């Protein structure tokens, strides 16, 4: 176990000054800023009876439908690229540790970045809502649905596990950046085309739509989406680590 | 397996498609030796090193490090190995110190080792610069520091002098000698630059087309006789007489012939054979061969 912690500590150090780490902060903030801009300019028209709930709901929807799945795919590709681009597999896999430790540590650092981005999303939503409240005196009494924000973020974090594991497997397996990003884009297009309105059950099983399905308070299959994403993610991660630790990286 | 050898392989074979990159090689690298592993580009040197590190699996044959089979004790055995395979494995977005710290973390070593390794390779002043801005030579030295960090008993170095200037190469040589003699480390040094091996190694293995052509002490290789050059009065008769007696005549001109001999005793036998045929021998000389000559002769044979 100690050797695993040592590998994990090394993986964390590798994230220093990387694009993946920067994106974990900026991606959620970009979504928050965009929606904040909309509400700051056109709040009167789109605010409705419960403007801050609407604001939080819109941020979470944009985040979970498009940004979070893309971000997860990008993080997976960027983490794998650290080794592929620098040709460091030979050094990494010659260490006196179980190879599976190396891959599990990579999964955990990637998952850490997903959690970090979710943390910044929640923080960003709350801060932006407070600024909106200050900007619009008529919204001072509007309440911010903090439990809804946190529940939605946590469930979408669980749900993203499956797609993240699939993306990690692809990115670590192939040296090129392209297969991972190609799969992510095709899957997102499929999600928009092939999942019609009302197909909540199918949507709650399709890996790339799981974060949105797990976040939506109106989805009756919400626990299924979150549970399947988490358990499926662990299962795929175990299979991928088993497969990758037996591969030759030449 | 005998644990007098730091590295021992038995009929080690590895194929890529239809190409036998390593073809049944039997390496024997004694403890504490600086073993030069030479061969032209594409001879199978890097594949051998990757096999020794467990990065590739052999198709057949065994690898034993200090007498222990690699496939059963990889994790334990890797603890005593430091490696530099082809280009150094470095992260350009981290500083030199951070790169070493990364290896230190995985190996569970004290922080002082990073400072020692930086000092050992002369990189202390550049420790806080990003590796992205390092020169090729600095990267190579950092790679060496990375391999040396755990003070391993066995170092596998693949072309470690790549990118080093003449001063750097000389420094590398003295560092390797220091490691071998002061710390009793075994150094397996692969290179295609013969002069580099000649000046530092005490053992040598010559590989080409995946096969090990020669293995032994450098003195043993040099002791292998080069061709004997004889200045004679009747070179045609001399060549015929020697060929008839089983000697291999390599070259013949009007006044001299050159003959392949295996030992000093053979020189006397050749002389006696010519005298019996009443051929005057004016001069007998054996060419001193450099490692390069020996290497090329082995390659040609």
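The values are calculated or read from the model by the stated rules, or taken from the named source; none is laboratory data. Since the model is a prediction, treat every value here as computed from it, not as a measurement. All Cβ positions, even for glycine, are placed from backbone atoms using ideal geometry, and neighbour counts span all protein chains on display.
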**Request:** Could you check, for segment A:54-62, whether at least one of its residues is crowded, with 17+ Cβ neighbours inside 10 Å and within 13 Å of the chain's Cα centre (by Cα)?
**Result:** yes
**Asked** When you scan segment B:200-236, how many residues do you find that are assigned to a helix (DSSP H, G or I) and either under 28 Å from the mean Cα position of the chain (by Cα) or exposed (fewer than 15 other Cβ atoms within 10 Å of the Cβ) (or both)?
**Response** 8
**Request:** Determine whether segment A:98-120 contains at least one residue that is closer than 30 Å to residue B:83 by Cβ, within 14 Å of chain B (Cβ to nearest Cβ), outside any helix (DSSP H, G or I) and touching a residue at least 12 places away in the same chain (Cβ under 8 Å).
**Result:** yes
**Prompt:** Can you spot a residue in segment A:18-35 that is in a loop (DSSP other than H, G, I, E, B), surrounded by 15 or more Cβ atoms within 10 Å (Cβ to Cβ) and within 14 Å of another protein chain (Cβ to nearest Cβ)?
**Reply:** yes
**Message:** Restricting to segment B:145-155, and then to whatever is touching a strand residue (DSSP E or B) at 6+ places or on another chain (Cβ under 6 Å) and part of a helix (DSSP H, G or I), can you tell me which residue is farthest from residue B:83 (Cα to Cα)?
**Reply:** B:148
**Prompt:** Looking at segment B:5-33, which of the residues that are part of a loop (DSSP other than H, G, I, E, B) and over 19 Å from the mean Cα position of the chain (by Cα) is farthest from residue B:70 (Cα to Cα)?
**Reply:** B:18
**Request:** Could you please let me know if residue B:90 is under 19 Å from residue A:89 (Cβ atoms) and either within 25 Å of the chain's Cα centre (by Cα) or assigned by TED's automatic domain parsing to the domain that holds residue B:148 (or both)?
**Result:** yes
**Asked** How many residues are surrounded by fewer than 22 Cβ atoms within 10 Å (Cβ to Cβ), over 30 Å from residue B:132 (Cα atoms) and in contact (Cβ under 8 Å) with a residue 40 or more places away in the chain when one looks only at segment B:65-102?
**Response** 4
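Yes/no per residue for (1) at the interface with another protein chain (Cβ under 9 Å from one of its Cβ atoms); (2) at pLDDT 95 or above; (3) not in a helix (DSSP H, G or I):
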{"residue": "B:92", "(1), (2), (3)": "yes, yes, yes"}
{"residue": "B:99", "(1), (2), (3)": "no, yes, no"}
{"residue": "B:106", "(1), (2), (3)": "yes, no, no"}
{"residue": "B:109", "(1), (2), (3)": "no, no, yes"}
{"residue": "B:114", "(1), (2), (3)": "no, yes, no"}
{"residue": "B:117", "(1), (2), (3)": "no, no, no"}
{"residue": "B:122", "(1), (2), (3)": "no, no, yes"}
{"residue": "B:128", "(1), (2), (3)": "no, yes, yes"}
{"residue": "B:140", "(1), (2), (3)": "no, no, no"}
**Message:** Checking residue B:275 against (1) in contact with a helix residue (DSSP H, G or I) (Cβ under 6 Å, 6 or more places away or on another chain); (2) surrounded by fewer than 14 Cβ atoms within 10 Å (Cβ to Cβ): exactly one of these is not met. Which one?
**Reply:** (1)
**Asked** Which of (1) free of Cβ contacts under 8 Å to residues at least 60 places away in the same chain; (2) part of a helix (DSSP H, G or I) is the odd one out, the single condition residue A:56 does not satisfy?
**Response** (1)
**Request:** Look through A:56, A:49, A:72 and report the one residue that is more than 14 Å from chain B (Cβ to nearest Cβ) and at pLDDT 95 or above.
**Result:** A:72
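Please work out which residue is nearest to residue B:54 (Cα to Cα), limiting yourself to segment A:96-113 and to residues that are within 12 Å of the chain's Cα centre (by Cα) and buried (at least 20 other Cβ atoms within 10 Å of the Cβ).
Within segment A:96-113, the match that is nearest to residue B:54 (Cα to Cα) is A:110.
In segment B:242-249, is there at least one residue being in contact with a helix residue (DSSP H, G or I) (Cβ under 8 Å, 6 or more places away or on another chain) and touching a residue at least 40 places away in the same chain (Cβ under 8 Å)? Before the answer, list the steps.
First, pick out the residues of segment B:242-249 that are in contact with a helix residue (DSSP H, G or I) (Cβ under 8 Å, 6 or more places away or on another chain): B:242, B:245, B:247, B:249.
Restricting the remaining residues to those that are touching a residue at least 40 places away in the same chain (Cβ under 8 Å) gives none.
The answer is no; no qualifying residue exists.
Would you point out the residue of segment B:45-68, among those that are assigned to a strand (DSSP E or B) and away from chain A (no Cβ under 14 Å), that is farthest from residue B:209 (Cα to Cα)? Spell out the reasoning first.
If we filter segment B:45-68 for residues that are assigned to a strand (DSSP E or B), which is where we start, we get B:60-65, B:68.
Pick out the ones that are also away from chain A (no Cβ under 14 Å) and you get B:60-62, B:64.
On the way: B:60: 17, B:61: 17, B:62: 19, B:64: 23 Å.
Top of the filtered list is B:64.
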**Asked** Has segment B:7-24 got at least one residue that is more than 9 Å from chain A (Cβ to nearest Cβ), in contact (Cβ under 8 Å) with a residue 40 or more places away in the chain, in contact with a helix residue (DSSP H, G or I) (Cβ under 7 Å, 6 or more places away or on another chain) and surrounded by fewer than 21 Cβ atoms within 10 Å (Cβ to Cβ)?
**Response** no
